Amino acid sequence: MIALYPRLAVTGIRKNSKLYFPYIGTCIGMVTMYYIIHSLSFSPTLREMKGGGLMETILGLGVFVIATFAVIFLLYTNSFLIRRRNKEFGLYHVLGMGKPAIARILLWETVFIAILSIALGLALGIALSKLAELLLLKIVHGALDYRITLSVECVINTALMFGCIFLLLLLKSLWTVYRSDPLALLKSETVGEKPPKGNWLLALAGIVMLGIAYYYAVTIKNPSMVMGVFFLLVILVIIATYLLFISGSVTLCRSLQKNKKYYYQKNHFVSVSTMAYRMKRNGAGLASICILSTMVLVMISSSSSLYIGAEDSLRDRYPRDNEIDLKLDTAAEFDEDHIGLVREAYEKSLRDSGVVPENLLDFRYAMVLGLQDEDSFQPISSAFIATDTSATGGDPYEYIRVIYFLSARDYNTLMGTCLSPAPGEAYLAAQRCTYNFEALSTGVLSFRILDGQIGFPPLGESMVDILPSLLLVISDWDQVLPMAEMKSTDGKPSLNLRWCYSYDLDCSDQEAIDVLYAQRGALNTVGFLMENGYGCRLACKAETRIDFYMTYGCLFFIGIVLSIVFLFAAALIVYYKQISEGYEDQARFSIMQKVGMTKQDIRRSINSQVLTVFFAPLLFAGVHMAFAFPMVWRMLQLFAMHNLTLIILTTLAAFVIFGVFYVIIYRLTAGAYYSIVSGAKQEG
């Protein structure tokens, strides 16, 4: 008797192989992906690399995302299995098998699936983890390491994690059986869900929520605010999508039923009536597909844009190989005598290192954070941006400008021009904004803006500043230094005085990094810098390139893995939707065939049903992505990504590639649905 329940469990899995085999394959895939990412987060090869700590953090986040998604998705797909087995369990009960006996069958099924999934998943994960590590090292431009390591801790953690998930699935299945009536289980496949009432109200709520999310996604211009509201808007879009697919789809079916010319056709009659009968569950599935599709598009387009555009971001941020940016607090030390002492110390350090700087940039500039009111600017502190909006009545980003000052002499040297503004005059260049006034006043200073288009030179921080910027090319520094005495809203000097010294080197990346480290020691030889504790930022493009590829490469890798997981999850939802509905519709189409409906008519009806709603998730995902694009673009700017053309092309490519996979999924699942309802393949 003890062996009866395991045999019944195995028989149940085998007889329902169309449902269980994809489910088991999904469980194996989830275990494999989880172990791979988890093992990479413990990889000694990655941990020992420069930037390995950051990679470990990103991979740890990926582990959390996959674990959370595995719980939600396996609970979701398990409901399809239980619904399909309800009739079988009801029959067992009628034949004298009580609920405790059915619980034993479910227990053995869960044990078999758990052991098979965890064992094969771990085996595949262990076999593929080294390949994944090599791929990640290749992406981040790291040195390949062919040593094979096995983390026992990761194996145990993975087994425990999915053991808990399967326990949760078992408890959910037992709860479903114990609260069900045996007679209801027998009739479960013939009982559809009633269309939800008040669908117009729910659809309207979905439209309003979606409109709010779209509005803020398009209108928020401050990149620093995007991260704070992004997840809130994502939640709004998810809720609105479910409301629209559940309620809106019912409304659509009812409208089609009222259209007699459309409804009373053999291609449409069965499909529309069937969809309306169970659209609540159908709509939820379609909404899930839409959300997963949108997640795939956002992740793969943004992560690939960052990775592919890493060199563009580096060139924008660092026009030269090495850069020194010295901050001075007083106008008295912002002169050639003091700066000459620093320059001499650095050049001596270069000579001692045996390198010759090329394409040298040597200039002074000043910057002030200001609040624009037409042609007037009020100096403010950086803390003002996040805490005080009273002066603007809303988002201060609309009015904040970073004003850069550069002498005509330095500008002409940098840009190869011959500008010569008179005292009280200035040439103006705008970056990420426009300026159409004929004058500019900062309270202490006032300039008449001269006609003429000028470019924005590579001014250190301006290359990655997310705020709108203005550049004023003035006659000499004597005009702007009085602003150094002004105080901003926090009582600190409003004018930020800087000296920038950058150059290229004809040497290896490691030699360039060594030169930069040697120059750090040169600061200790400059007396007035040590006495006043002035800040000096030293940056090396080669060193930053390592950090860029570590960060963006790891994000790209995680984006690929999660996109694969979500893509197959969407495919499985579509498959189960088609298979479960195919079994439910089999009897209906059988009756229609007996009254004269041919297999060709069935195929047309199926195409009508599937095409009516199947491509709606892809269409909605495209619309979601289009409205989310401005927000994604602004978030990418926080990562020094300013190549808009690349982001647009990457997004379009991601949508096209995903669309191709989506069409393939459609063809496969539509064929499976047709084979069931047409009687071409009988249930095993």
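The values are calculated or read from the model by the stated rules, or taken from the named source; none is laboratory data. A quick note: this is a predicted structure, and the numbers were derived from the prediction, not measured. With ideal geometry, Cβ positions are generated from the backbone for all residues, glycine too; neighbour counts draw on all protein chains shown.
When Ser563, Ser475, Ser494 are checked against the criterion of being crowded, with 18+ Cβ neighbours inside 10 Å and at pLDDT below 75, Ser494 stands alone in meeting it. In the stretch 226-237, the residues that are over 11 Å from Met631 (Cα atoms) form Cβ pairs under 7 Å with partners that are modelled with pLDDT of 85 or more and crowded, with 21+ Cβ neighbours inside 10 Å, at six or more places apart or across chains, as follows: Leu236/Ala213; Val237/Leu210; Val237/Ala213; Val237/His624.
Of all residue pairs spaced 6 or more apart or on separate chains, those with beta-carbon atoms under 6 Å, a first member in the stretch 342-358 that is of a type in the set (A, V, I, L, M) and a second member that is assigned to a helix (DSSP H, G or I) are Ala345/Ala522; Ala345/Thr525; Val355/Val515.
Residue-by-condition table, conditions (1) outside any loop (DSSP other than H, G, I, E, B); (2) hydrophobic (A, V, I, L, M, F, W, C); (3) exposed (fewer than 14 other Cβ atoms within 10 Å of the Cβ); (4) at pLDDT 85 or above:
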residue: Cys418; (1), (2), (3), (4): no, yes, yes, yes
residue: Ala429; (1), (2), (3), (4): yes, yes, no, yes
residue: Gln453; (1), (2), (3), (4): no, no, yes, no
residue: Pro457; (1), (2), (3), (4): no, no, no, no
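Only one entry of Ile300, Ile289 meets the criterion of being at pLDDT 85 or above, in a helix (DSSP H, G or I), assigned by TED's automatic domain parsing to the domain that holds Leu572 and within 20 Å of the chain's Cα centre (by Cα), and that entry is Ile300. Scanning the stretch 398-416 for residues that are out of contact with any strand residue (DSSP E or B) (no Cβ under 8 Å at 6 or more places or on another chain) and charged (D, E, K, R), we see that the one that is modelled with the lowest pLDDT is Glu398. Among the residues of the stretch 235-249, are any at pLDDT below 70, farther than 30 Å from Met550 by Cα and surrounded by 13 or more Cβ atoms within 10 Å (Cβ to Cβ)? Yes; the residues of the stretch 235-249 include at least one that is at pLDDT below 70, farther than 30 Å from Met550 by Cα and surrounded by 13 or more Cβ atoms within 10 Å (Cβ to Cβ). Kindly evaluate Gln510 against the criterion of being buried (at least 22 other Cβ atoms within 10 Å of the Cβ), touching a helix residue (DSSP H, G or I) at 6+ places or on another chain (Cβ under 8 Å) and either at pLDDT 80 or above or not in a strand (DSSP E or B) (or both). No. Applying the set (1) surrounded by fewer than 17 Cβ atoms within 10 Å (Cβ to Cβ); (2) assigned to a helix (DSSP H, G or I) to Asn78 leaves exactly one unmet item: (1).
Please give the helices (runs of 4 or more DSSP H) falling wholly within the stretch 1-67 in which 3 or more residues are in contact with a Leu (Cβ under 8 Å, 6 or more places away or on another chain) and modelled with pLDDT under 90.
17-41
Within the stretch 319-330, the presence of at least one residue that is within 29 Å of the chain's Cα centre (by Cα), surrounded by fewer than 22 Cβ atoms within 10 Å (Cβ to Cβ), in contact (Cβ under 8 Å) with a residue 12 or more places away in the chain and not in a helix (DSSP H, G or I) is confirmed. Taken over the stretch 434-451, the criterion of being assigned to a loop (DSSP other than H, G, I, E, B), surrounded by 12 or more Cβ atoms within 10 Å (Cβ to Cβ) and not small (Gly, Ala, Ser) is satisfied by Tyr435, Phe437, Thr442, Val444, Leu445, Leu450.
One line per residue, one yes/no per condition, for (1) among the charged types (D, E, K, R); (2) within 29 Å of Leu567 (Cα to Cα):
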position: Leu297; (1), (2): no, yes
position: Gly309; (1), (2): no, yes
position: Leu314; (1), (2): no, no
position: Arg320; (1), (2): yes, no
position: Ile324; (1), (2): no, no
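When the residues of the stretch 44-64 are filtered to those that are surrounded by fewer than 16 Cβ atoms within 10 Å (Cβ to Cβ) and not basic (Lys, Arg), the one that is nearest to the chain's Cα centre (by Cα) is Leu61.
Considering the stretch 124-167, the residues that are of a type outside the set (A, V, I, L, M, F, W, C), in a helix (DSSP H, G or I) and in contact (Cβ under 8 Å) with a residue 40 or more places away in the chain include one that is farthest from Phe556 (Cα to Cα), namely Gly163. Hey, any hits in the stretch 337-347 for a residue that's in contact with a helix residue (DSSP H, G or I) (Cβ under 6 Å, 6 or more places away or on another chain), buried (at least 17 other Cβ atoms within 10 Å of the Cβ), modelled with pLDDT of 80 or more and in a helix (DSSP H, G or I)? Looking through the stretch 337-347, at least one residue is in contact with a helix residue (DSSP H, G or I) (Cβ under 6 Å, 6 or more places away or on another chain), buried (at least 17 other Cβ atoms within 10 Å of the Cβ), modelled with pLDDT of 80 or more and in a helix (DSSP H, G or I).
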